[in-house]
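Below is one structure; the comments refer to it alone.
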Amino acid sequence: MTTSFYPPQRTLMGPGPSDVNPRVSQAMARPTIGHLDPMFVAMMDEMKELLQQAFQTGNQLTIPVSAPGSAGMETCFVNLVEPGDTVIVCQNGVFGGRMKENVERCGGTAVMVQDEWGRAVDANKLEDALQAHPEAKVVAFVQAETSTGASSDVKTLVELAHRYDCLTIVDAVTSLGGTELRVDAWGVDAIYSGTQKCLSCVPGLSPVSFNDRAIAAIKGRKSPVQSWFLDLNLVMGYWGQGAKRAYHHTAPVNTLYALHESLVILHNEGLENSWARHRLHHNALKAGLEAMGLTFVVPEAERLPQLNAVTIPDGVDDAAVRGALLNDYNLEIGAGLGPMAGKVWRIGLMGYAARKDNVLKCLAALDEVLGRINAPVNNGVAVSAALAAYK
Ligand SMILES: *Cc1c(COP(=O)(O)O)cnc(C)c1O
């Protein structure tokens, strides 16, 4: 006889998925209805408004793509990049590398602007590339590099791209809901996010938003979008406000209930309050980690509050520590990615996980596990340093 699967109750403080708010899980368990049911359509119209608020945009084309953040990334690239186009990609971590892959699979040429991992994207380097490549059509970069915890200045980078007549694609998977993001005020043309980071929803959806300039570029394409599923010309028919909805694909009905609930929670908390909450708990976590003697990968001015990458002390076995946290404390923190594998831990404070009890639990657990293996850290001081930071 086979049995049901009952996952353990973990505390998720890695790079995502983050702790799901119980209200979101409950919303997901509500009855499935048809995706063209008038009640469902009304919920979706409301959700679109909530998403516009979260992105701080009036863009009509603001929708959740029915697949995870990577599909939102792909939606931006397959719609905006045609064979022969040049795209400048600023890379300062893992996700910029995926942008390059996307450009090349669309038949475009990626001009890579490399920044050190752990640093923000450098506007001067972008300007050099824009000058060297007047043929460039699009500039793409990641606002919140989850692989390192670095935050880049969207407003400045977008202004620069526009000065050279380029469209912009911004990855906001880890930033949406966690740090300041203003799509209209900053002039972002195309943006994508994810549900499982600072929105604290289940994984599997990717909110995206496109302004009129981006839509004009999509409508003016010379070649059809090579992906049927992600072709926004078709998706717009399904989502068009007021318009009669045409069947495109079966929307993931219950997952969309979950996203709706997480956006209601964000709306009621207030977007700026949510940004401030992430900062508050980051400051306490930072006080605790630094009291232990751990050091951050990213310089303070470029640091994301929701993703804290710290260097693993010399001689400490990365996998053994994360294993002990998981097995003894049901606590998940993230490993390093790519060249940072084995060298850093990534501690997420995303959405519902950005709470005082989580900060204290994480510090107490890390303190005990590192003490157990005689790691070169200051033991017994992290929790009190964090508590002092909350005062
Ligand atoms: C998590 C993440 C993605 C990918 O999202 P998935 O939902 O895992 O597909 C893309 N970009 C960044 C910056 C991320 O943190």
Next on the checklist: Name the residue that is surrounded by the most Cβ atoms within 10 Å (Cβ to Cβ), counting only residues in region 364-391 that are charged (D, E, K, R) and closer than 28 Å to Asn21 by Cβ.
Outcome noted: Asp367
Checklist entry - What about Gly187, is it outside the structural domain of Pro339 (by TED's automatic domain parsing), away from the ligand (no atom under 13 Å from the Cβ) and modelled with pLDDT under 95? => result no
Checklist entry - Within region 120-138, is even one residue within 16 Å of the ligand (Cβ to nearest atom) and part of a strand (DSSP E or B)? => result no
Item to check | Which listed residue, of Glu74, Glu46, is within 13 Å of the ligand (Cβ to nearest atom) and not polar (S, T, N, Q) | outcome: Glu74
Item to check | Residues of region 85-119 satisfying the condition of being within 16 Å of the ligand (Cβ to nearest atom), over 16 Å from the mean Cα position of the chain (by Cα) and of a type in the set (Val, Ile, Thr) | outcome: Val89, Val103
Item to check | Output for region 4-29, where each listed residue is open to solvent by 40 Å² or more (accessible area, probe 1.4 Å) and of a type outside the set (A, V, I, L, M, F, W, C) | outcome: Ser4, Tyr6, Pro7, Pro8, Gln9, Arg10, Pro17, Pro22, Arg23, Ser25, Gln26
Checklist entry - List the pairs whose first member sits in region 36-56 and is more than 26 Å from Asp184 (Cα to Cα), whose second member is open to solvent by less than 20 Å² (accessible area, probe 1.4 Å), and whose Cβ atoms are under 7 Å apart, counting only residues at least 6 apart or on separate chains? => result Phe40/Val253
Checklist entry - Looking at Ala150, Ala136, which one is more than 18 Å from the chain's Cα centre (by Cα) and among the hydrophobic types (A, V, I, L, M, F, W, C)? => result Ala136
Item to check | Selection from region 155-174 of residues that are surrounded by 24 or more Cβ atoms within 10 Å (Cβ to Cβ) and in contact with an Asp or Glu (Cβ under 9 Å, 6 or more places away or on another chain) | outcome: Ala161, Leu167, Thr168, Ile169, Val170, Asp171, Thr174
Item to check | Conditions (1) within 11 Å of the ligand (Cβ to nearest atom); (2) open to solvent by less than 20 Å² (accessible area, probe 1.4 Å); (3) not basic (Lys, Arg): number failed by Gln196 | outcome: (2)
Next on the checklist: Can you say whether Phe229 is surrounded by fewer than 21 Cβ atoms within 10 Å (Cβ to Cβ) and farther than 22 Å from Asn211 by Cα, as far as the supplied structure shows?
Outcome noted: no
Checklist entry - Is it the case that region 350-363 has a residue that's at positive phi, outside any strand (DSSP E or B) and surrounded by fewer than 22 Cβ atoms within 10 Å (Cβ to Cβ)? => result no
Checklist outcome for this item: Taking region 147-183 and keeping residues acidic (Asp, Glu) and within 19 Å of Val103 (Cα to Cα) leaves Asp165, Asp171
Checklist entry - For Asp171, are the conditions met, namely being assigned by TED's automatic domain parsing to the domain that holds Val94 and under 13 Å from the mean Cα position of the chain (by Cα)? => result yes
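The values are calculated or read from the model by the stated rules, or taken from the named source; none is laboratory data. Model, not experiment: these values are computed from the prediction. FYI the Cβ positions are ideal-geometry reconstructions off the backbone, even for glycines, and counts take in every protein chain you see. The accessibility values were calculated without ligands, DNA or RNA, using every heavy atom of the protein model including side chains. Shrake-Rupley method; radii C 1.70, N 1.55, O 1.52, S 1.80 Å.
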